[in-house]
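The values are calculated or read from the model by the stated rules, or taken from the named source; none is laboratory data. These figures come from a predicted structure and were not determined experimentally. Cβ: placed from backbone, ideal geometry, glycine included. Neighbour counts: every protein chain shown. What goes into the accessible areas is simple: the full protein's heavy atoms, side chains included, and nothing from ligands, DNA or RNA. Shrake-Rupley method; radii C 1.70, N 1.55, O 1.52, S 1.80 Å.
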Amino acid sequence: TIGQLIWWAWAAWAAAVMISGFDPTYSDFHAFHETGRAWRGLPSHDPEITPNLNPPTWLPVVWAISFMPVRTAFWVWTGLGAASIVASVRLIVRARAVPEARLYWVAGALVLCMPFTQVWVLGQVTWLLLYPMTRAWLQSESAPVRAGLWLAVVVLLKPPFALAAALLESCLDILGDF
């Protein structure tokens, strides 16, 4: 409906305003970028930077972005996160996991939630992991082995998500009640 489109446009605009003036040198993303530079053997721009606490499996990812200046890399990272969100939402829509009538309302509300904006502003890895996590969720019943492989990618890159693997079946049972 037109109301949903207006809601979504306003939420997207608000999110863009929140992150557009952000300085990535004061974020977790800067630590990722510096880790990539260190892996390439380059000196740190900021020796007092917060340490990157992600596992070594993230090194190839942060190595790739370290060839760009930190601000450019931040926007590339943000763009990849946005692409992951779009691809995930498309999968969810195609699977009819969320009624289409609610999709714009839910998406707009999520964009305005504080955790959503914090992930963007801090340059966290959450949005990059959304796509494989969505694939795992959508394939968990029809193709459990493939779902496990998708989830394995997430766990390799962010080990705390192993908890999601342990809880996936019980969460699906709970969600099935809604």
So which helices (runs of 4 or more DSSP H) are wholly in region 105-167 and hold at least 3 residues that are modelled with pLDDT of 80 or more? 126-139, 144-157
Looking at Arg102, Arg71, Arg90, can you tell me which residue is touching a residue at least 24 places away in the same chain (Cβ under 8 Å) and either assigned to a helix (DSSP H, G or I) or among the hydrophobic types (A, V, I, L, M, F, W, C) (or both)? Arg71
List the pairs whose first member sits in region 40-56 and is over 26 Å from Leu156 (Cα atoms), whose second member is surrounded by 10 or more Cβ atoms within 10 Å (Cβ to Cβ) and of a type in the set (Val, Ile, Thr), and whose Cβ atoms are under 8 Å apart, counting only residues at least 6 apart or on separate chains? His45/Val70; Asp46/Thr25
Given the criteria among the basic types (Lys, Arg), loosely packed, with under 12 Cβ neighbours inside 10 Å and free of Cβ contacts under 8 Å to residues at least 24 places away in the same chain, does Arg96 qualify? yes
Single residue of Thr57, Thr25 found to be surrounded by 12 or more Cβ atoms within 10 Å (Cβ to Cβ), under 26 Å from Arg135 (Cα atoms) and not hydrophobic (A, V, I, L, M, F, W, C): Thr57
Among (1) open to solvent by 30 Å² or more (accessible area, probe 1.4 Å); (2) under 21 Å from Val155 (Cα atoms) - the single one Pro69 does not satisfy: (2)
The conditions are (1) open to solvent by 50 Å² or more (accessible area, probe 1.4 Å); (2) over 19 Å from Leu157 (Cα atoms), and Ala109 fails exactly one of them. Which is it? (1)
Any residue at all in region 41-53 that's open to solvent by 40 Å² or more (accessible area, probe 1.4 Å) and not in a loop (DSSP other than H, G, I, E, B)? no
